[in-house]
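Trainee: Pasting a structure below so you can have a look.
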Amino acid sequence: QVLSNIQRAANGLLALGIKPAERVALMMGNRPEFIWVHFAIGFIGAVSVPINTSQRGATLHHILADSDAAAVIFEEPLRDSVMLVKGSVPKLRCTVVADGKPDHGVDWTLERLFDHPDREPEVEVGANAGGAGMMYTSGTTGPPKGVVSSGSDAYSLTAILNAIKVQPGETMYTALPLFHGNALMLSGFGSMTLDAKFAIADRFSASRFWDDCRKFEAVEFNTLGGMIPILLKQPPRANDRDHQVRVVLSAACPPAAWVEFEKRFGAKIVEFYGMVDSPGLLLNDAGHIGSMGKPVGGVEFRVVDDNDQPVPPGKVGELAFRHPQ
């Protein structure tokens, strides 16, 4: 069914006029169609550009223009924000709306995009294939920067997936947004790699989080730093351990919350560190509290001073790394 939906969307993109190597922006929340369209874009050799759904105005214009987006697929509540910048984005010629009508400058609906044959797309990609995707940094130190993934970091991803020990047929759960690399690559692509099931929440909710895990029989989920203290602030419940979750793939678990979380909920924390704008990951599956871990996947890491010289243990420095490629 997933393959069928991906092929339908891929043929829809071709009918829309999208060509290999062109960029297609995605502005949707967590929903299965996000995954199908993301992979459909790759099926025709184009480049998927997931965009944070909270982007507006100048920043949204910058991302759409900087990425040379030929099309943008967005949800109805984002219509006004997209239409405000559409006219001044030079290469943006196609717009597709989910849950809305094709009017007032919008060309197609998401339903029309999927209303195409579920067969292998007839397209000659050749040397025009784009990267595995383009994600934009959050823009904390300047305008967001588009990072093209070439798929060169598969070894690091494999090491992370091996560490969580999810078995075929088991369920991975995430409440993180699919427009970020964590949910899309580790949970989405990772579940495919592991032959696991994938359950997604529309958004993070502390009050219903464990109920979701029970409902989907999840054995694993991913967190970002602030989520663990938020879950711990929930009132204790008699069924806090009544779930199947064995492992939590965490980025930046506060050290003070580590042991309390594992004891209360009975799940092991596996910590890792990585960035969208760089290949290479660090992994701590040994339970060293507060540690971001050791290098995996053949990437060299070291902590250096202002002159790029290694600093001794206990000293603050800058994390530098070198990828085999």
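The values are calculated or read from the model by the stated rules, or taken from the named source; none is laboratory data. Keep in mind it's a predicted model, so treat the numbers as computed, not measured. Heads up, the Cβs are rebuilt from the backbone with ideal geometry, glycines too, and the neighbour counts pull from every protein chain shown. Protein only, heavy atoms only, side chains kept; ligands, DNA and RNA dropped before computing areas. Shrake-Rupley method; radii C 1.70, N 1.55, O 1.52, S 1.80 Å.
Trainee: What whole-number value in Å² describes the accessible area per residue of the range 120-217 for a 1.4 Å probe? Before the final figure, lay out each step's value.
Mentor: On the way: 4940 Å² over 98 residues.
Dividing the accessible area of the range 120-217 by its residue count gives 50 Å².
Trainee: Also, I was wondering about something else. Taking the chain as a Gaussian network, Cα atoms linked when under 10 Å apart, which of GLU120, GLU22, GLU271 shows the biggest mean-square fluctuation?
Mentor: The residue that fluctuates most here is GLU120.
Trainee: In addition: When you count, for each residue, the other Cβ atoms within 10 Å and take the mean per peptide, how do 31-43, 241-253 rank with the highest first? Before the final figure, lay out each step's value.
Mentor: Details: 31-43: 21.8, 241-253: 18.2.
Order by mean packing, descending: 31-43, 241-253.
Trainee: Each label point is 7 Å from the Cα along the Cα-to-Cβ direction; what then is the distance between the points at ILE230 and ARG56, in nm?
Mentor: The answer from the label model is 2.0 nm.
Trainee: Can you give me the % of accessible surface on the chain that is carbon or sulfur? Probe 1.4 Å, all protein chains present, nothing else counted. Don't skip to the answer; put the middle values down first.
Mentor: Numbers: 8360 of 15800 Å².
Ligands and nucleic acids excluded, carbon and sulfur give 53 percent.
Trainee: In sequence order, what are the phi-derived ³J(HN,Hα) couplings for the range 37-45 according to the Karplus relation 6.51 cos²θ - 1.76 cosθ + 1.60 with θ = phi - 60°, rounded to whole Hz, with x for glycine and proline?
Mentor: Calculated HN-Hα couplings, in order: 5, 4, 6, 4, 4, x, 4, 9, x Hz.
Trainee: Pull up all non-local amide H partners of ARG246: gap of 5 or more, or a different chain, and H-to-H distance under 5 Å with H placed in the peptide plane.
Mentor: Those qualifying (amide H under 5 Å, at least 5 residues apart or on another chain) are GLU220.
Trainee: Another question about this same structure. Long-range amide H contacts for LEU281: which residues qualify at under 5 Å (H placed 1.01 Å from N, peptide plane, sequence gap of 5 or more or a different chain)?
Mentor: Close amide H contacts, sequence-distant or interchain: VAL296.
Trainee: Separate question: Once the dipole of the chain is set up with Lys and Arg at +1 and Asp and Glu at -1 on Cβ about the Cα centre, which of PRO20, LEU232, PHE179 lies farthest towards its positive end?
Mentor: LEU232
Trainee: Once the Cβ-Cβ distance between ASN128 and ALA65 is put in as r, and R0 is 22 Å, what FRET efficiency do you end up with, to the nearest 0.05? Spell out each step's value before the answer.
Mentor: Working: r = 21 Å, r/R0 = 0.97.
Working from the Cβ atoms, E equals 0.55.
Trainee: Which whole-Hz couplings ³J(HN,Hα) result when phi for each residue of the range 316-325 is put into the Karplus expression 6.51 cos²θ - 1.76 cosθ + 1.60, θ = phi - 60°, listed in order with x for Gly and Pro?
Mentor: 7, x, 9, 7, 10, 8, 9, 8, x, 8
Trainee: Once you've got the Cα coordinates, tell me which of LYS215/LYS268; LYS86/LYS145; LYS19/LYS91 are over 18 Å apart.
Mentor: Numbers: LYS215/LYS268 20 Å; LYS86/LYS145 20 Å; LYS19/LYS91 13 Å.
Violating the 18 Å limit, Cα to Cα: LYS215/LYS268; LYS86/LYS145.
Trainee: Can you tell me the length gained on complete extension of the stretch LYS165 to ALA15, counting 0.36 nm per residue apart and subtracting the Cα distance? Don't skip to the end; give the middle numbers.
Mentor: Details: separation 150, 0.36 × 150 = 54.00 nm, distance 4.12 nm.
Between LYS165 and ALA15, full extension yields 49.9 nm more.
Trainee: Next question. Please give the calculated 222 nm ellipticity per residue for the chain, where each DSSP H segment of at least 4 residues contributes -39500 (n - 2.57) and the sum is spread over every residue; nearest 500 deg cm²/dmol?
Mentor: Values: 10 runs with 90 residues, N = 325.
Using -39500 (n - 2.57) per qualifying helix, the result is -8000 deg cm²/dmol.
Trainee: Modelled label-to-label distance, ARG237 and ARG119, 7 Å Cα→beta-carbon offset: nm?
Mentor: Simple spin-label model gives 4.9 nm for this pair.
Trainee: Given MET292, VAL316, GLY266, which one lies farthest toward the positive end of the charge dipole of the range 266-325, if we put +1 on the Cβ of every Lys and Arg and -1 on the Cβ of every Asp and Glu?
Mentor: GLY266
Trainee: Arranged from highest to lowest average of other beta-carbon atoms within 10 Å per residue, in what order do the peptides 174-183, 102-111 appear?
Mentor: With the highest mean Cβ count within 10 Å placed first, the list reads 174-183, 102-111.
Trainee: Going by accessible area, probe 1.4 Å, with all protein chains left in place, what is the ranking of ASP80, ASP211, largest first? It would help to have the intermediate numbers written out before the result.
Mentor: Working: ASP80 115, ASP211 65 Å².
Sorted by accessible area, descending: ASP80, ASP211.
Trainee: Also, I was wondering about something else. What whole number of Å gives the distance from the Cα centroid of the range 120-146 to the Cα centroid of the range 55-71?
Mentor: 13 Å
Trainee: Here is a follow-up. Provide PHE198, PHE209 ordered by accessible surface of protein heavy atoms (probe 1.4 Å), highest first.
Mentor: Values: PHE198 60, PHE209 0 Å².
Largest to smallest exposure gives the sequence PHE198, PHE209.
Trainee: So for each of 289-295, 47-53 I average, over its residues, the number of other beta carbons within 10 Å; can you give me the resulting order with the highest mean first?
Mentor: Taking the mean over residues of other Cβ atoms within 10 Å, the ranking is 47-53, 289-295.
Trainee: Given a 1.4 Å probe and heavy atoms of the protein chains only, how would you sort TYR136, TYR273, TYR155, largest accessible area at the top? If you can, show how the numbers build up before the last one.
Mentor: Working: TYR136 35, TYR273 70, TYR155 175 Å².
Output order, biggest surface exposure first: TYR155, TYR273, TYR136.
Trainee: Using the basic label-point model (7 angstrom from Cα toward the beta carbon), what is the ASP103 to ALA286 distance in nanometres?
Mentor: For the pair ASP103/ALA286, the computed spacing is 6.4 nm.
Trainee: For the range 55-103, report the accessible area per residue in Å² (1.4 Å probe, heavy atoms, rounded to an integer). Let's see the in-between values first.
Mentor: Values: 2140 Å² over 49 residues.
Spelled out: the 1.4 Å probe surface of the range 55-103, per residue, equals 44 Å².
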